[in-house]
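Below is one structure, written out as structure tokens, with a few remarks after it.
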Amino acid sequence: MGQTTELLKRLFLEEWKALLLANFLFTAFSLPLLTVGPALLAMNGVLTRRADDRGNSSCWVDFWYVFKAKFWRGIQLEAVVGLYLLIILWSASVAGQLDGAGRTMLWLFISLSLFLAAMTGVYLVPLLADSSIPFFSALWDAALLSFARLPRTLLAMGAVYGSLCVFLLLYPISVLPWAMLLLAAAAALSVALVWPAINELIFPQE
């Protein structure tokens, strides 16, 4: 966990201004809604580039570079997530019409599917933001990594989805801190946890 500790110190102490600006930029670039995916990849791209000492002095330059370079990947990510959520909603609708064991089994399947998707997501977003490997190869690598580094995966999930739960529970009080810092802080914690595993198990193979 030594490398994780170093990344946490770098992102939260040395790069705190970039962290704050990345959150502002993500919020601004997400306002059209269609660009949420590219903006999310850009924010994570800023964090991963700075975690590896590849970032520019200007956070804006890094953000804009990743946003443009990964724009269609972000749209593809939005499309895949949207399709997946539609399948989950349809499954939930079917489960509501069933009784007995069939209903229980379908809800168990939905819950397990959501949990596995959440596990994969914490690796997939940094991979898509920083790597040039194809989308579905990144998806497969992220799924494998989520099991290979399960403790890190669970901690990263707690950072990202825990902050989302706090946002939802405290809404609308949490809107301002979420827009100012919370999302980027959760992303930075997640990147610090998963990036060492990505560097160790994925990039050396390229």
For a test of the definition: using alpha carbon positions, the gyration tensor, and the 1.5 limit on a/c, classify segment 86-206 as rounded, prolate or oblate. oblate
Along Cα→Cβ, 7 Å out, is where each label goes; now give me the distance between the ones at residue 165 and residue 92 in nm to one decimal. 1.7 nm
Test item: Cα-centred dipole of segment 51-112, Lys/Arg +1 and Asp/Glu -1 on Cβ, debye: 140 debye
With the label point 7 Å along the Cα-to-beta-carbon line of residue 71 and a cut-off under 19 Å to each amide N, the hits in segment 117-151 are 128-132, 135
Suppose R0 equals 30 Å; then what is the FRET efficiency for residue 114 and residue 57 from their Cβ-Cβ distance, rounded to the nearest 0.05? 0.15
Roughly how many percent of the accessible protein surface of the chain is carbon and sulfur, given a 1.4 Å probe and a whole-percent answer? 73 percent
Is the shape of segment 16-114 rounded, prolate or oblate, going by the alpha carbon gyration tensor and its root eigenvalues a ≥ b ≥ c, with a/c under 1.5 for rounded and a/b larger than b/c for prolate? prolate
Taking max minus min of the Cα coordinates of the chain on each principal axis, largest first, gives extents in Å of 59, 42, 31
For segment 12-74, alpha-carbon Rg over 2.2 N^0.38 Å: 1.02
Give the aspartates and glutamates reachable from residue 9 as a straight Cα distance under 14 Å; neighbours fewer than 8 places away on the same chain don't count. 52, 53
Computed [θ] at 222 nm, deg cm²/dmol, the chain (DSSP H ≥ 4; -39,500 (n - 2.57); rounded to nearest 500): -26500 deg cm²/dmol
Probe of 1.4 angstrom, ligands and nucleic acids ignored: what's the accessible area per residue over the chain, in square angstrom? 53 Å²
Obtain the nm distance between the two label points defined at residue 143 and residue 34 by a simple spin-label model: each point lies 7 Å from its Cα along the Cα-to-C-beta direction. 3.0 nm
Using a 1.4 angstrom probe on the protein heavy atoms only, line up 43, 157, 180 by accessible area, largest first. 180, 157, 43
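The values are calculated or read from the model by the stated rules, or taken from the named source; none is laboratory data. Everything quoted here is computed from the prediction, not taken from an experiment. We place every Cβ from the backbone using ideal geometry, glycine too, and count neighbours over all the protein chains shown. The area values use the complete protein model at the heavy-atom level, side chains included, leaving out ligands, DNA and RNA. Shrake-Rupley method; radii C 1.70, N 1.55, O 1.52, S 1.80 Å.
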